[in-house]
Every structure is written in structure tokens, then in C-alpha cells.
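For reference, the structure discussed in these notes is given below.
The values are calculated or read from the model by the stated rules, or taken from the named source; none is laboratory data. Nothing here was measured: the structure is a model prediction, and the numbers come from that model. Cβ placement follows ideal geometry from the backbone for every residue including glycine, while neighbour counts extend to all protein chains displayed.
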Amino acid sequence: MLDQYDTFKPVMWDDEAVCLLDQRLLPGQHQYMYCRSVVEVAQAIRDMVVRGAPAIGITAAYGVALGARQRYAESAANWRHNLEADLQQLAGARPTAINLYWAIERLRRRLDEIHGDPFPVLLEEARTLHEEDIAANLKMGELGASLIAPGSSVLTHCNAGALATGGHGTALGVIRSACSGGKLDTVYADETRPWLQGARLTAWELLQDQIPVTLVAEGAAAWLMRQGKVQWVIVGSDRIVANGDVANKIGTYSLAVLARRHGVKFMVAAPTSTIDMAIGEGGAIPIEQRDPHELLSCGGQRVAADGAGAWNPVFDVTPAELVDAIVTERGIIEQPDAGKMAQHMGEPR
Ligand code: MRU
């Protein structure tokens with residue numbers, strides 16, 4: 001599936017390296033960056049060469065395989081012990097997306113059974129995880145699209161597309177599936193300051209698939225809804241916790257509040273690898289704060305008045321009560337709460 005799917009691939013394994021489509025340069029330039037060490041992989045995740053919760057999990061999984069190969073070459077006796085520092089480094093690259101830890105832990109669980117060279121086993125596990133992510137997105141696309149009435153228009157936030165995953169996307173997977181079923185009238189994408197994932201990435205990605213897209217400034221969302229122009233807000237997530245609270249790109253919470261005010265439905269599409277049942281409620285999710293300069297500048301040019309400071313949390317938490325549906329590869333959770341989340345994840349309450 002990895003070789004056939006999608007016209008562009010944000011993450012690939014390329015013989016000796018993890019190969020990443022540099023998302024900092026899109027849509028203007030299409031350049032791949034080759035990461036040949038754990039240090040380079042962790043740096044690429046931190047610097048947002050690759051971004052989006054599932055995509056950074058997949059990248060980290062290939063990074064673990066890369067690290068194990070290096071550690072085994074250095075010492076066949078101590079590679080397991082020495083690899084621990086690499087796992088820590090990868091896990092520390094970004095704090096909010098649980099998929100990063102989930103992927104590292106999944107590869108870690110394979111370590112004990114390995115005799116001899118760990119690389120083939122871990123590379124195979126990373127590839128499997130990558131393929132499973134694409135399959136999950138295709139399933140979510142189908143399920144999410146089933147909720148949307150023909151002739152609807154939708155608003156999405158940030159980029160939760162193929163670029164942010166193994167392929168097809170979560171929120172954009174639902175939008176792709178709904179479009180191919182002829183259900184959608186207009187797809188609105190908000191620009192998503194300060195990184196402009198909507199304007200740069202979502203718009204580019206949808207246009208690659210000949211899906212027309214209409215950009216709006218984030219401040220236009222209330223007025224868009226007020227005019228009755230959208231029926232669904234559809235977003236992805238970086239972490240969904242045990243009571244159904246949802247962490248996603250800063251600005252998601254505002255959209256959920258606005259959606260409820262205007263009778264617009266709010267859907268979160270995310271694989272179960274994004275669900276963290278170890279955290280009870282959204283207030284305990286670590287929220288990444290990034291460099292204020294990301295906000296003070298635009299396209300590398302300072303735009304804010306000299307001397308102005310900035311507060312730059314890059315995720316927020318939407319309370320479960322504002323969510324109409326969480327869609328995973330296992331099914332649809334309508335009006336999520338702790339009981340429904342536990343049942344969905346097969347956990348005792
Ligand atoms: O800072 P980013 O670009 O990594 O943030 C990405 C998002 O917030 C996405 O909506 C989320 O990871 C879901 S991606 C399928």
C-alpha cells in the first residue's frame with residue numbers, strides 16, 4: 001500500500017535514511033530532506049519539517065529503526081541500553097501529539113524479543129505502523145463521510161491531511177471521501193496562523209486532488225457560520241483523552257464554541273493511536289509553547305511592532321461537550337464522554 005498510495009508522500013523510508021517532504025517550504029518548493037541519524041530525525045520533528053500527529057509518530061518509528069541500526073553497529077552487546085537515549089530524544093521532540101510516544105512505545109515493545117541485528121525487525125514494525133495508519137484513515141474517511149448530508153459545506157482547520165499522516169488524512173480523509181461521494185458543496189479552510197498550515201498545506205493538498213478550496217481568515221469563521229455557509233467543522237487531533245476532551249491546533253476550541261453557538265456540527269477524526277486513556281481530562285494535556293517569533297513574523301519577515309512580545313501556545317483543548325462526533329477507525333462516538341470512550345477503547349470503567 002505504501003508504494004501505491006497518494007501522489008506525494010510526507011514520510012518515506014529510503015534505504016539508508018528517513019526521507020521527509022520539507023513542509024516548511026510548501027507550497028512553493030517540493031524538497032525532500034534525508035535524515036540519517038536520530039539527532040537529525042528529532043530535529044526535523046522539532047523544526048516542523050514533518051508535522052501532524054500521525055506523521056510525526058511514523059517518522060519517529062523509522063527513527064527508532066535508524067537508531068537501533070547505529071547502536072548495534074557500535075556495540076552488539078549494549079545496543080539495547082544505548083538505544084534508550086535515542087528513544088528519549090525522539091519522545092522529547094514535541095510534547096502534545098501522543099502519537100509520537102505511542103509509536104516509540106510500540107517499537108520498544110519489540111525490543112525484548114530481538115536476537116541479533118535489531119534493524120530488520122524494527123524497520124518492518126515501522127512499515128507496518130505506517131501502513132496501518134493509511135488503512136485507518138481510509139476507514140475513518142468512509143465513516144466520517146457517512147455523517148455528512150449531500151450538499152453540505154465544511155470548514156477545516158490546520159492541516160489534518162495526507163501531509164499530516166501516512167496518507168489520505170484524518171479530517172481531510174473525511175473530506176476526500178465525502179467529495180468523492182459527491183456530497184460536498186464547498187470546502188472552507190482557515191489559514192491557521194501563525195504557521196499557515198491551512199493556507200499553505202491544506203489548500204495545496206486539496207488542489208493536488210482537484211478538490212476546490214476556499215480560504216478564510218480565522219476571524220471570519222463566526223461570520224461564515226452566521227451566514228449558514230457551513231454545516232460541519234471537521235478537524236483532526238493531537239491527543240484525545242479519557243473523557244473525550246480533544247487537543248488540536250490552537251484555534252480549534254474557538255471553532256467548537258462558534259459551531260455550538262450557530263448550530264453547526266463539530267467532528268473530530270483521529271485514529272485510536274491519538275487516544276490517550278491514561279489522562280482523565282483535557283486540563284492535564286501538555287500544551288506545546290513555541291517561539292514567540294513564529295507569531296511576531298510572517299514568512300520570515302517581522303510584522304509585529306518592535307518591542308511587542310507574544311504568547312504562542314500552538315494547541316488548545318476542546319471540551320468533549322462541544323464535540324458532536326469523534327470518528328476513529330473503529331467507529332463513531334457520538335457526544336463523547338468517559339463511558340463511551342472507555343467502551344470504544346475496550347477498557348473497563
Ligand atoms: O503543529 P502541527 O502542524 O503539527 O499541528 C497539527 C495539527 O494540529 C493537526 O490538526 C493534528 O496533528 C491532526 S493531524 C491528522
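On the basis of being of a type in the set (A, V, I, L, M, F, W, C), modelled with pLDDT of 95 or more and farther than 26 Å from E105 by Cβ, does V327 make the cut?
So V327 does not fit the description; no.
Report whether or not V235 is closer than 15 Å to L172 by Cα, at pLDDT 95 or above and hydrophobic (A, V, I, L, M, F, W, C).
Taking the combined requirement at face value, the residue satisfies it.
Checking the condition β-branched (V, I, T), surrounded by 24 or more Cβ atoms within 10 Å (Cβ to Cβ) and not assigned by TED's automatic domain parsing to the domain that holds M267, which residue from I104, I175, I98 passes?
I98
What are the residues in segment 330-349 that are in contact with a Lys or Arg (Cβ under 6 Å, 6 or more places away or on another chain) and crowded, with 21+ Cβ neighbours inside 10 Å, if any?
I333
Taking the options V64, V49, name whichever one is within 23 Å of G198 (Cα to Cα) and in contact with a Leu (Cβ under 6 Å, 6 or more places away or on another chain). Write out each step before concluding.
Details: V64 fails: within 23 Å of G198 (Cα to Cα).
Just a single option satisfies the conditions, and that option is V49.
Evaluate the following for P120: is it in a helix (DSSP H, G or I) and more than 18 Å from the chain's Cα centre (by Cα)?
yes
Which condition number does V314 fail, the rest of (1) among the aliphatic types (A, V, I, L, M); (2) within 16 Å of the ligand (Cβ to nearest atom); (3) free of Cβ contacts under 8 Å to residues at least 24 places away in the same chain being met?
(3)
Considering only residues that are aliphatic (A, V, I, L, M) and closer than 25 Å to E288 by Cα, look in segment 185-212 and name the one that is farthest from the ligand (Cβ to nearest atom).
Only one residue tops the list, namely A203.
Would you mind finding the one in K249, K229, K265 that is surrounded by fewer than 22 Cβ atoms within 10 Å (Cβ to Cβ) and farther than 20 Å from K340 by Cα? Don't jump to the end; show me each part of the working.
Values: K249 fails: surrounded by fewer than 22 Cβ atoms within 10 Å (Cβ to Cβ); K265 fails: farther than 20 Å from K340 by Cα.
Going through K249, K229, K265 in turn, the sole match is K229.
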